[in-house]
Amino acid sequence: MNFTLKQLRYVEAAGRLGSIAKAAVEVSISQSSITAAIDSLEATLENSLFVRTPAKGIYPTSAGREALQLIRTFLNEARQFESELQSQGEENAGLVRIACYGTAAPAFLPPILKSINENFPGISIKVMEGDMMSILEFLNNGEVDLVFTYEKYITNAQAFEPLFKAPPYALLPVSDLHSNQSSITCGELCGKPMIMLDLPYTRDYFLDIFKEKGLEPKVVHSTRSVEIAQALVESEFGYTILNIRRQYFLSNEKKYKVVPISDTFDAPAFGIATTNNVRQPKNVRSFIKDCISLRDVGAFDVLTVNSKH
């Protein structure tokens, strides 16, 4: 077979994005080059990899889906080889591609990126973010080397390294009668208007906190943004529930209060998910070790809320 890494990358991008035009933009090449790569691979394999529908993009055939999975596995191994080769002769160098659960990223990533910059200046970082579902797709597709997510959502195909446990807490407006308590129960929250963080997996997790006690929260607003949820709390529309505390919550307690939930015992572990049984490049291994070192010195303790706080 005669095809290049570039051609395989063009085909993979087209299959992942479902569009030759979008793939051309992503890899900064002409649409005709993407089409030529697909045509060449299809001719080599003597199979149609995609069904092409005018104005609707492309989607893989049965043979195309199998081929795309093999291509992604190969490209991921090629990236690891390139990274290992680039790091030869240097202590650590090259690109590490990470993805983080979007609501956690602003509070969680800065100390990690600062530490990597100080300890491994030869390492560069590409950051992607998204909801729980999309970041695991990034990992499965080989688009990233690792993701920061909750352990409860990973599969048998992934390995997990915990960094901290994040029990849920309530963010209450200061006008709420319970805002000055050291903790609050699900029963006390249940009668109040709730602002739901409405993201894949996240909504079900918060509803289950109440459901396991035979309760149902009174959801009055839903949003996919922590910033909007916080603004609605500040404007006294209700409370919201979160797991990871952002630093600006500490400096704005005249507007809202962070209150631990005392009667929930599900404190999900947050940490690093990688593809199982895959040897990571040297720079990725160093990145992970640095995160573990931060964990061991308590760098993430400020992100959690419990009754001790």
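The values are calculated or read from the model by the stated rules, or taken from the named source; none is laboratory data. Worth saying up front: this structure is predicted, and the values here are computed from it rather than measured. As a convention, Cβ positions derive from the backbone with ideal geometry for all residues, glycine included, and neighbour counts pool all protein chains shown.
Between Glu129, Glu143, Glu137, Glu118, the distinction of being farther than 17 Å from Ala269 by Cβ, free of Cβ contacts under 8 Å to residues at least 24 places away in the same chain and surrounded by 13 or more Cβ atoms within 10 Å (Cβ to Cβ) belongs to Glu137 only.
Only one of the numbered conditions (1) in contact (Cβ under 8 Å) with a residue 60 or more places away in the chain; (2) crowded, with 16+ Cβ neighbours inside 10 Å is not met by Ala99, and that is (1). The residues in segment 19-48 that are touching a strand residue (DSSP E or B) at 6+ places or on another chain (Cβ under 7 Å) and part of a loop (DSSP other than H, G, I, E, B) can be counted, and the count is 1.
Within segment 21-35, is there a residue that is acidic (Asp, Glu), surrounded by fewer than 19 Cβ atoms within 10 Å (Cβ to Cβ) and more than 20 Å from Gly142 (Cα to Cα)? No. The set of residues from segment 261-295 being more than 19 Å from Ile244 (Cβ to Cβ), among the charged types (D, E, K, R) and either modelled with pLDDT of 90 or more or outside any loop (DSSP other than H, G, I, E, B) (or both) comprises Lys282, Arg285, Lys289, Asp290. Across segment 146-156, the number of residues qualifying as assigned to a loop (DSSP other than H, G, I, E, B) and surrounded by fewer than 17 Cβ atoms within 10 Å (Cβ to Cβ) comes to 2. Inspect all residues belonging to segment 49-68 and state whether any of them is of a type in the set (A, V, I, L, M, F, W, C), out of contact with any Leu (no Cβ under 8 Å at 6 or more places or on another chain) and part of a helix (DSSP H, G or I). No: segment 49-68 contains no residue that is of a type in the set (A, V, I, L, M, F, W, C), out of contact with any Leu (no Cβ under 8 Å at 6 or more places or on another chain) and part of a helix (DSSP H, G or I).
Return yes or no: is Phe210 part of a strand (DSSP E or B) and hydrophobic (A, V, I, L, M, F, W, C)? Taking the combined requirement at face value, the residue does not satisfy it. What number of residues within segment 180-207 are exposed (fewer than 14 other Cβ atoms within 10 Å of the Cβ) and either of a type in the set (A, V, I, L, M, F, W, C) or touching a residue at least 24 places away in the same chain (Cβ under 8 Å) (or both)? Residues in segment 180-207 being exposed (fewer than 14 other Cβ atoms within 10 Å of the Cβ) and either of a type in the set (A, V, I, L, M, F, W, C) or touching a residue at least 24 places away in the same chain (Cβ under 8 Å) (or both): 5 in total. For segment 157-180, the set of residues classified as in a loop (DSSP other than H, G, I, E, B), of a type outside the set (Val, Ile, Thr), over 22 Å from Ile292 (Cα atoms) and out of contact with any Pro (no Cβ under 9 Å at 6 or more places or on another chain) consists of Ser175, Asp176, Leu177, His178, Asn180, listed by residue number.
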